[in-house]
Amino acid sequence: MSVVIRPIELKDKEAWTKLWCDPEQSYLEFYKGLDKVTKEATENTFSRFLDPNIASYAAVAEVNGELIGFVTYLTHIYTWSEQDKTYLGDLYVSPNSRLGGVGRKLIEYVYGEADKLNCPNVYWSTQFENHRAQLLYTKVGVKSGFLLYRRP
């Protein structure tokens with residue numbers, strides 16, 4: 001399987017939306033977020049990827065013209081350094097394309113883009129129960145030692 005990782009484009013909107021929020025098998029379905037993310041939020045998210053004035057990005061994994069995965073990331077200021085940080089927000093590979101190295105390629109793409117943006121500190125979070133993904137994450141990253149908290 002020859003996988004191409006590239007920046008998302010306007011022509012990818014329909015295929016990305018299916019990977020993002022298809023009720024049968026999608027990123028939001030996996031994270032139980034289908035009922036939490038509105039159509040407007042999905043539209044806004046996609047449009048931000050294409051806006052050169054917003055530091056929000058996405059890349060897609062493509063095989064023979066078909067999108068099989070995506071990654072989203074953004075950059076932000078960081079108080080402990082003069083360099084910004086890169087947050088990898090979402091990573092998804094369609095179930096029938098997993099275990100072929102696509103997730104690793106998407107993460108490595110973000111690493112490369114972060115270096116180009118002079119934001120080499122890349123971080124992300126995942127659910128404690130997402131053991132399958134953690135098998136990959138321990139190969140391409142290190143645990144930060146921090147727990148994530150959020151406002152109730």
Of the chain, which part is the longest with no trypsin sites (Lys or Arg not before Pro) in a loop (DSSP not H, G, I, E, B) and with at most 13 other C-beta atoms within 10 angstrom? 37-142
List the extent of the Cα atoms of the range 26-152 along each of their three principal axes, largest first, rounded to whole Å. 41, 38, 33
Radius 10 Å from Cβ of N118, net charge of other residues (Lys, Arg +1; Asp, Glu -1): -2
Going fewest to most other Cβ atoms within 10 Å around each Cβ, L91, L74, L106 line up as L74, L91, L106
Going by Cα centres, the range 63-109 and the range 13-36 are how many Å apart? 16 Å
If you restrict to DSSP beta bridges whose two residues both lie in the chain, what percentage is antiparallel, to the nearest 5? 85 percent
Please report C21, C119 as a ranked list, fewest other C-beta atoms within 10 angstrom at the top and most at the bottom. C21, C119
Longest site-free stretch - the chain; sites: chymotrypsin sites (Phe, Trp or Tyr not before Pro), DSSP loop, at most 10 other Cβ within 10 Å: 1-79
Longest exposed-loop-site-free stretch of the chain, with GluC sites (Glu not before Pro), DSSP loop and at most 10 other Cβ within 10 Å? 25-81
Mean separation of Cα pairs under 8 Å and 6+ residues apart, divided by the residue count of the chain: what relative contact order is that in percent? 19 percent
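Values in this text are rule-based calculations from the coordinates and carry no lab data. Just so it is clear, the structure is predicted and the values come from calculations on it, not from any experiment. Note that each Cβ is placed from the backbone with ideal geometry, even for glycine, and that neighbours are counted across all protein chains shown.
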